[in-house]
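Below you'll find the structure, written out as C-alpha cells, and then a few comments.
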Amino acid sequence: MTDTGHPRRWFILGILNLSLVLVVASVSSLNLSLPSIQRALDASAADLIWINAAYALVFAAFLLPAGALGDRFGRKGALLTGLVVFVLGALLGSTADTAGQVITFRATMGIGAALAMPATLSILTAIFPPDERNKAIAIWSGFAGAGGAIGILSAGVLLEYFWWGSVFFVNVPIAVTALVLVAAVVPTSRDTQGHNLDPFGSILSAVGLATLVFALIQGPEYGWTDPLVLGGFVAAVALLTSWVAFERRQEHPMLDPRLFRIPRFGLATLALGTTFAVMFGMFFGLAQYLQFVLDYSPLGAAVRVMPFAVVMITVSPHGPALAARFGSGRVIGGGMLVTALGCGVMALLTGDSGYGHVVLGVILVSSGMALGFPTSTAAIVGSLPLDKAGVASAVNDTTREVGSAVGIALLGSLLSAGYRRGLGNALDQAPAEMAEFARDSVGAALVVAQRAPAGVGDHIAATARDAFANGYSLAMTAGTALLALTGTIVIRRWPAD
C-alpha cells in the first residue's frame with residue numbers, strides 16, 4: 001500500500017469489523033444458551049463446561065500459529081479460510097443432537113476464529129496510512145470489546161423465539177456475507193521477507209497455551225489442588241519455558257520472546273490481559289446476577305448489558321487523540337483506573353440493588369476499557385514491523401483470550417467461594433442431597449427453594465440471592481484491586497512518548 005492507504009479502506013474496515021464481531025460474539029453468546037442446551041441434549045455439568053470451553057481453548061491455542069501462517073501465505077487467504085471453517089462448524093453445530101457433537105463443532109469454530117481474528121487486525125494495519133492507523137485500530141478495538149455484549153443480546157433474542165441451535169445457525173448468513181465481501185473487496189498482504197515458518201515453535205506454543213487454558217478452566221471445577229489441574233499447570237510451564245528457550249535460538253522465530261522486554265509491548269500486553277480478565281469475570285457473574293438476583297429473563301438481561309457495547313463503540317475512537325495529547329501510558333493506565341472505579345461500584349451490589357446501580361458500574365467499566373483497549377492494541381502492533389503484523393495481531397488476540405480464561409477461572413472461583421460462605425446455615429432444613437445441590441450455584445438453590453415448603457423456600461431463595469451478591473462483590477473487589485495495581489504500574493513505568 002502507498003502512504004495514502006487503500007482508497008476503500010474505511011469500507012474495508014467495516015467488513016473486517018463484521019468478521020471480528022462474528023468471532024467475538026460467539027464467545028459470549030453461548031453462555032446464555034447453556035440452560036437450553038442442557039434441557040435439549042440432556043447434557044451433564046461436565047458437558048456444559050466443555051461446550052463453553054472448547055471454543056476458547058482451541059481459539060487461544062491456535063492464534064499465534066494462525067497469525068504466522070497469515071503473514072507467510074497471505075492474510076486475506078487466512079481470513080477467508082477462517083470464515084469457511086467457522087461457518088462449517090456453526091452449521092454443523094446447529095444440527096447437533098448430542099453434547100459431544102456440540103463440543104466438537106465448537107472446537108472447529110475455534111480453529112476458524114483463530115485464523116480469522118488476527119487477519120482482521122493485520123489487514124487493517126496494512127491498508128491504513130500511519131496517520132490514520134491508530135484511529136482505525138481504536139474503532140476495531142471498540143467493536144472487539146462490544147462484541148461480547150452484542151453476542152449476549154443476539155443470544156437473548158434468538159432464545160426468546162427460536163431453538164437453542166439458532167445461536168449457532170445465526171452465524172451462517174453473517175459469515176457468508178462476510179466471505180463474499182472479503183473475497184470481492186479486501187486486498188491481501190503478507191511478510192515481504194518470505195521467512196520460513198517455525199513449525200516446532202508453533203507446536204510448542206499451541207500445546208503450551210492449550211494446556212494452560214485447560215488447567216485454568218478445570219481449576220474451579222475440580223479444585224486448584226487436583227492432580228489433573230496441578231499437572232496441567234506444571235506441563236504448561238514446562239512447555240512454554242521450552243518454547244521461550246527454542247525461540248531464542250532461532251534466526252527467524254515465530255515470536256521472539258525478547259519482544260516482551262520492550263516496555264511498550266510488555267506493559268501493553270500486561271494491561272490488555274489484566275483488563276480482559278476482569279471484563280470476562282465481570283460478565284460471567286453479571287449475567288447470573290441479572291437473571292437470578294434481579295429476576296430478569298435471558299432477553300431482559302441481555303438488553304440491560306447493551307450500554308456496555310454502546311459506550312465501547314462511542315468512546316473508543318477518542319482514544320488516539322487523548323493518547324497523542326497525554327501520552328499512551330497515561331491513557332492506558334488511566335483507563336484501567338476508571339475501569340477499577342466501575343468494578344468498585346459493582347462490588348457494592350447487594351441482593352436489594354436495582355438496575356440503576358448496575359448500569360452505573362457498566363458505564364464506568366466500559367468507558368475505561370474503551371480508552372485502554374485501542375491504545376494497548378496500537379502499542380502492541382506498533383512495536384513490530386508491518387511484515388509481522390499477523391503475529392503482532394495474534395499476540396494481541398492471544399492476550400485477550402488467555403486473560404479471559406484467567407478472569408473466568410479466578411474471579412469465578414472467588415464468586416463461588418463467597419456464595420457458599422454467604423449461604424451459611426440457610427440450607428440446614430433442606431435434605432442433605434438438596435442442600436449440596438443448592439450449594440453448587442444460585443440457580444440450583446432457587447430450584448431447591450421452589451420445591452421446599454413455602455416458608456422455608458422463601459428463606460432459601462432470599463439467602464441464596466444475597467449470598468450470590470456477596471460472592472460477586474468479593475470477585476469485583478479483587479478485580480478492582482488488580483486493575484488499580486496494574487494501572488498504576490503502567491502509568492509509572494511507561495516510557496516517554
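The values are calculated or read from the model by the stated rules, or taken from the named source; none is laboratory data. Everything quoted here is computed from the prediction, not taken from an experiment. Glycine gets a Cβ as well: all are built from the backbone with ideal geometry, and neighbour counts include every protein chain shown.
Cβ-Cβ under 8 Å, sequence separation 6+ or interchain: first residue in region 128-145 and closer than 16 Å to SER328 by Cβ, partner in a loop (DSSP other than H, G, I, E, B) and at pLDDT below 85. Which pairs?
If the second residue must be in a loop (DSSP other than H, G, I, E, B) and at pLDDT below 85, the pairs left are PRO130/ASP3.
Which one is surrounded by the most Cβ atoms within 10 Å (Cβ to Cβ), of the residues in region 150-199 that are in a helix (DSSP H, G or I), out of contact with any helix residue (DSSP H, G or I) (no Cβ under 8 Å at 6 or more places or on another chain) and at pLDDT 80 or above?
To start, the set of residues in region 150-199 that are in a helix (DSSP H, G or I) comprises 150-161, 166-169, 171-185, 199.
Still in the list and also out of contact with any helix residue (DSSP H, G or I) (no Cβ under 8 Å at 6 or more places or on another chain): 161, 173, 180, 184, 199.
Checking which are at pLDDT 80 or above leaves us with 161, 173, 180, 184.
Details: TYR161: 8, PRO173: 10, VAL180: 12, ALA184: 8.
Ranking the candidates gives VAL180 first.
Does region 365-385 contain any residue that is under 20 Å from ARG465 (Cα atoms) and either in contact with a Pro (Cβ under 6 Å, 6 or more places away or on another chain) or of a type outside the set (A, V, I, L, M) (or both)?
As a first pass, look at region 365-385 and keep what is under 20 Å from ARG465 (Cα atoms): none.
Within region 365-385, none of the residues are under 20 Å from ARG465 (Cα atoms) and either in contact with a Pro (Cβ under 6 Å, 6 or more places away or on another chain) or of a type outside the set (A, V, I, L, M) (or both).
Tell me whether region 153-171 contains one or more residues that are free of Cβ contacts under 8 Å to residues at least 12 places away in the same chain and not hydrophobic (A, V, I, L, M, F, W, C).
First, the residues of region 153-171 that are free of Cβ contacts under 8 Å to residues at least 12 places away in the same chain: 161-162.
After this cut, where a residue has to be not hydrophobic (A, V, I, L, M, F, W, C) as well, the list is 161.
The answer is yes; a qualifying residue exists.
So if I check each of ALA449, ALA409, ALA444, ALA378, which one is crowded, with 21+ Cβ neighbours inside 10 Å, farther than 20 Å from GLY219 by Cα, modelled with pLDDT under 80 and touching a helix residue (DSSP H, G or I) at 6+ places or on another chain (Cβ under 6 Å)? Before you say what the answer is, go through the steps one by one.
Values: ALA409 fails: farther than 20 Å from GLY219 by Cα; ALA444 fails: crowded, with 21+ Cβ neighbours inside 10 Å; ALA378 fails: modelled with pLDDT under 80.
From the options ALA449, ALA409, ALA444, ALA378, the qualifying one is ALA449.
Can you tell me which condition LEU91 does not meet? The list is (1) in contact (Cβ under 8 Å) with a residue 60 or more places away in the chain; (2) closer than 24 Å to THR188 by Cα, and all the others hold.
With (1) in contact (Cβ under 8 Å) with a residue 60 or more places away in the chain; (2) closer than 24 Å to THR188 by Cα applied to LEU91, the lone miss is (2).
So that you can scan it fast, the table gives a plain yes or no per residue for (1) surrounded by fewer than 24 Cβ atoms within 10 Å (Cβ to Cβ); (2) farther than 21 Å from PRO7 by Cβ:
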site: ALA114; (1), (2): no, yes
site: PRO118; (1), (2): no, yes
site: PHE128; (1), (2): yes, no
site: ARG133; (1), (2): yes, no
site: ALA136; (1), (2): no, no
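Here's the yes/no breakdown for (1) within 15 Å of the chain's Cα centre (by Cα); (2) under 30 Å from PHE162 (Cα atoms); (3) surrounded by fewer than 22 Cβ atoms within 10 Å (Cβ to Cβ):
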{"residue": "MET282", "(1), (2), (3)": "yes, yes, no"}
{"residue": "GLY285", "(1), (2), (3)": "yes, yes, no"}
{"residue": "PHE308", "(1), (2), (3)": "yes, yes, no"}
{"residue": "MET312", "(1), (2), (3)": "yes, yes, no"}
{"residue": "ALA323", "(1), (2), (3)": "no, no, no"}
{"residue": "PHE326", "(1), (2), (3)": "no, no, yes"}
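Only one of GLY424, GLY418 is under 23 Å from VAL293 (Cβ atoms), in contact with a Ser or Thr (Cβ under 8 Å, 6 or more places away or on another chain) and modelled with pLDDT of 75 or more. Can you tell me which? Quick ask: steps written out before the conclusion?
Details: GLY424 fails: modelled with pLDDT of 75 or more.
Of the residues listed, the single one that is under 23 Å from VAL293 (Cβ atoms), in contact with a Ser or Thr (Cβ under 8 Å, 6 or more places away or on another chain) and modelled with pLDDT of 75 or more is GLY418.
So, LEU32, is that one buried (at least 19 other Cβ atoms within 10 Å of the Cβ), at pLDDT below 90, part of a helix (DSSP H, G or I) and out of contact with any His (no Cβ under 9 Å at 6 or more places or on another chain) or not?
On the way: buried (at least 19 other Cβ atoms within 10 Å of the Cβ): yes; at pLDDT below 90: yes; part of a helix (DSSP H, G or I): yes; out of contact with any His (no Cβ under 9 Å at 6 or more places or on another chain): yes.
Answer is yes for this residue.
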